[in-house]
Amino acid sequence: YKTLESMAQKIALQLALARKLRGVDEVDVAAKVINTHLLPDIMGNLSAFSRQEVRCPSCNAKYRRVPLCGKCTKCGKNLTLTVHKGSVKKYLDISKEIMDNYEIPMYLKQCIMVAEASIDSLFENVKIRTLADFMEVK
């Protein structure tokens, strides 16, 4: 398990082994992998992204919210997110692939679709606004 590079390889080999063993229900294994590992990770990372902090890569100062100036108040450098889009979407494609290849329960399919819709609503069609967009200029 430790010699494999990615989680996709680990899951593919686990499902291939379940397919070969007669005493194992491969659909049940696929459902359990999604239910116990992939879905909690997706939802946990989505939750962490929505309540994340920002930090300064130079001085490592952390802020709950981005300061109004948009830069670190200690050193003036640009800030970075602590949780990134890639970590939120990391297992979504693997989950959808398993969903397409195995007849997992409808409840799990719907959970994956809800997670995908939540991720899409968070990252797609995002218009970046500044403070000036909300101020009335007369």
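The numbers here are math on the coordinates, done by the rules we state, and not lab data. Values in this document were obtained by computation on a predicted structure and should not be read as measured data. Please note: Cβ atoms are built from the backbone with ideal geometry, for glycine as well, and neighbour counts cover all protein chains shown.
See the values below:
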{"read-out": "Average Cα contact separation per residue, segment 53-108, under 8 Å, 6 or more apart, as relative contact order %", "value": "28 percent"}
{"read-out": "Flagged links, alpha-carbon separation over 28 Å, of LYS2/LYS89; LYS2/LYS90; LYS62/LYS96", "value": "LYS62/LYS96"}
{"read-out": "Neighbour-limited loop hits for GluC sites (Glu not before Pro), segment 1-61 (at most 11 other Cβ within 10 Å; DSSP other than H, G, I, E, B)", "value": "GLU5"}
{"read-out": "Amide H partners (placed H, <5 Å) of ALA61, local residues excluded", "value": "CYS56"}
{"read-out": "Relative contact order of the chain, pairs being alpha-carbon contacts under 8 Å that are 6 or more residues apart, as %", "value": "23 percent"}
